[in-house]
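Colleague: Provided herewith is a single structure, encoded as structure tokens, for subsequent inquiry.
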Amino acid sequence: MIAAALALLTLIFRQMRRAPAALPRARRPRPDKAVFVIWAGDESDASPIATRTAQSLRSAGVASRLVAITDLSDRAFHFASALLFVISSRDGQQDIDEAEFFLQRELPAIAGLPYAVLSLTNLLPDPKEDYGSRLDRRLRLLGAMPLSDSIEAVKGDAAVIRRWQQILPLVGGSRDEADWAAPDYTPWRMISRERINSGSDGSPIFHIRLESEEDLPHWEAGAIVEIYPGPAEDAIGTIGRPPLPHRQYSIASLPADGGIEMVVRERHTATGQLGLGSSWMCEMAQPGQRIALRLRENPGFAAPPDEIPMILIGNGSGIAGLRAHIKARPAGTRNWLIFGERNSAHDCLMGSEIAHWVATGHLERCDLIFSRDGPEKRYVCHHIAENEGSFLDWVLADAAIFVCGNLHGMATDVDTELSRILGRDVLDAMIADGRYRRDVY
Ligand SMILES: Cc1cc2nc3c(=O)[nH]c(=O)nc-3n(C[C@H](O)[C@H](O)[C@H](O)COP(=O)(O)OP(=O)(O)OC[C@H]3O[C@@H](n4cnc5c(N)ncnc54)[C@H](O)[C@@H]3O)c2cc1C
């Protein structure tokens, strides 16, 4: 009780100190420009979320313009600092004929512009055909910069809308705004927390284990947890919205492990304070502490069938999502891990487990790339380039590529490299077939 009260006080104090530097790493909008929040399709679905998006940005001090896709003139793009699309259609294709022309336009001023697409549908959309995916492909082709992979919310799934809300800080929105729709949290307990990169010159990374206070729910490899970054009592059973926004983490374990395991890296703001989620999970909450969380399945990072070989690529805390997949693969499957960190001496995350997987043949191939071991920095993307031949062999054997970890840096560079090796069309086809999946942040 005392520990929880102290934790709450520290949290409030930290929030107060954080306030002046609310948008440290955010893309600061130019004063003459605005974030365009563009809606299309079924007005009753798209418009309220688009309106909420624009309001949320405005309340963080970011100029934003709410506009229907049909009202967007070519000239308007010169005044956009980013484009956030909220698209609604019944099955991913219908009801948006009026927006179709947008896909045909030249849009010369769009290169380099950050964008994100939220697609609201009633059915799980077909990634080859649905409007959101086609719009996403078109924007990439025109050179616009994706802030995330395209986000699909079936039947207004509140968890997906929360993911959308977490895009807003990337264009200047607040990281600390309470969730628009609070997760349905359940009580868990932190059982252990161990630093797994002691001595590293990078930020500390912890392996954390939580166990449920209720029956253990089921989840599949690739699932995510939404963690309430404060005392569980503030989030569970309270009337109204809990005051803090959730943070998401990839689950590094399977139900067979009896609990949720996570790999969390401490993240600091520009002024040196620890971030909301990582300070709660890595510093303030202690083993024994109650943790409020919600499990979220993540179909966009679901495993391929066992007969499909898997190339698992990642860095840093991205080992979490990859680990769950490796654990879930039965004996006899073909798995290739390509994983990067800084120095072999301190940053060999989950090293003994990886060595065991190699020894037992569970990993047919394992390449650990330590960027700072040699005189020149070498990253995962360089390793892929140097092993282009084997990479092509695996892809020709129908392998699926799974990427987990940093979007900026690792995942973007890997995407560029894959695009060079395989060609953008092949990569797009692999995305549509679920053979190129990413869990990146
Ligand atoms: C699907 C998904 C899965 C994730 N899985 C993991 C995981 O397994 N392990 C893990 O450690 N983290 C994971 N994250 C990131 C995690 O959700 C938090 O964003 C992270 O812990 C930082 O949150 P914070 O509250 O500590 O920092 P904040 O208070 O949000 O911010 C602190 C500082 O970090 C910067 N920052 C925050 N997030 C990002 C980002 N994505 N890119 C660049 N700068 C950023 C902010 O601008 C700020 O300067 C995942 C994110 C997503 C979306």
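Colleague: Could you please let me know if residue 139 is open to solvent by 50 Å² or more (accessible area, probe 1.4 Å), out of contact with any Gly (no Cβ under 8 Å at 6 or more places or on another chain) and within 19 Å of residue 86 (Cα to Cα)?
Modeller: No, not satisfied.
Colleague: Of all residues in the stretch 251-276 being open to solvent by less than 10 Å² (accessible area, probe 1.4 Å) and not β-branched (Val, Ile, Thr), which is farthest from the ligand (Cβ to nearest atom)?
Modeller: Out of the qualifying residues, it is 259.
Colleague: Here is a further query. Give, as residue ranges, the helices (runs of 4 or more DSSP H) completely inside the stretch 367-441 that count at least 1 residues that are of a type in the set (Phe, Trp, Tyr) and crowded, with 19+ Cβ neighbours inside 10 Å. Break it down stepwise before answering.
Modeller: On the way: elements: 380-386, 388-396, 412-422, 424-432.
Helices (runs of 4 or more DSSP H) meeting the threshold: 388-396.
Colleague: Select from the stretch 303-314 the residues that are in contact with a strand residue (DSSP E or B) (Cβ under 6 Å, 6 or more places away or on another chain) and either without any contact (Cβ under 8 Å) to a residue 60 or more places away in the chain or open to solvent by 10 Å² or more (accessible area, probe 1.4 Å) (or both) and list them in ascending order.
Modeller: Just the residues of the stretch 303-314 that are in contact with a strand residue (DSSP E or B) (Cβ under 6 Å, 6 or more places away or on another chain), to begin with: 304, 308, 310-314.
304, 308 - these are the residues of the stretch 303-314 that are in contact with a strand residue (DSSP E or B) (Cβ under 6 Å, 6 or more places away or on another chain) and either without any contact (Cβ under 8 Å) to a residue 60 or more places away in the chain or open to solvent by 10 Å² or more (accessible area, probe 1.4 Å) (or both).
Colleague: Can I ask one more? Given the residues 317, 279, which is the only one that is within 9 Å of the ligand (Cβ to nearest atom), modelled with pLDDT of 95 or more and open to solvent by 10 Å² or more (accessible area, probe 1.4 Å)?
Modeller: 317
Colleague: I'd like to know if the stretch 227-242 contains one or more residues that are within 15 Å of the ligand (Cβ to nearest atom), within 27 Å of residue 347 (Cβ to Cβ) and touching a residue at least 12 places away in the same chain (Cβ under 8 Å).
Modeller: Checking the stretch 227-242: at least one residue is within 15 Å of the ligand (Cβ to nearest atom), within 27 Å of residue 347 (Cβ to Cβ) and touching a residue at least 12 places away in the same chain (Cβ under 8 Å).
Colleague: Right, another one. Take the residues of the stretch 179-230 that are assigned to a loop (DSSP other than H, G, I, E, B) and hydrophobic (A, V, I, L, M, F, W, C): which is farthest from the chain's Cα centre (by Cα)?
Modeller: Our first condition is that a residue be assigned to a loop (DSSP other than H, G, I, E, B); within the stretch 179-230, this holds for 179-185, 196-204, 213-223, 228-230.
So of that shortlist, the ones also hydrophobic (A, V, I, L, M, F, W, C) come out as 180-182, 196, 216, 219, 221, 223.
On the way: 180: 18, 181: 18, 182: 18, 196: 22, 216: 24, 219: 18, 221: 15, 223: 11 Å.
Across the stretch 179-230, the extreme among qualifying residues is 216.
Colleague: Name the residues in the stretch 327-354 that are farther than 18 Å from residue 205 by Cβ and assigned to a helix (DSSP H, G or I), would you?
Modeller: 327, 328
Colleague: Just to be sure, is residue 248 closer than 23 Å to residue 404 by Cβ, in contact with a strand residue (DSSP E or B) (Cβ under 6 Å, 6 or more places away or on another chain) and open to solvent by 10 Å² or more (accessible area, probe 1.4 Å)? Spell out how you get there, then give the answer.
Modeller: Working: closer than 23 Å to residue 404 by Cβ: yes; in contact with a strand residue (DSSP E or B) (Cβ under 6 Å, 6 or more places away or on another chain): yes; open to solvent by 10 Å² or more (accessible area, probe 1.4 Å): yes.
Yes, satisfied.
The values are calculated or read from the model by the stated rules, or taken from the named source; none is laboratory data. Here the structure is a predicted model, which means the values were calculated and not measured. All Cβ positions, glycine included, derive from the backbone under ideal geometry; neighbour counts span all protein chains shown. Just the protein is used for accessible areas: all its heavy atoms, side chains included, with ligands, DNA and RNA removed. Shrake-Rupley method; radii C 1.70, N 1.55, O 1.52, S 1.80 Å.
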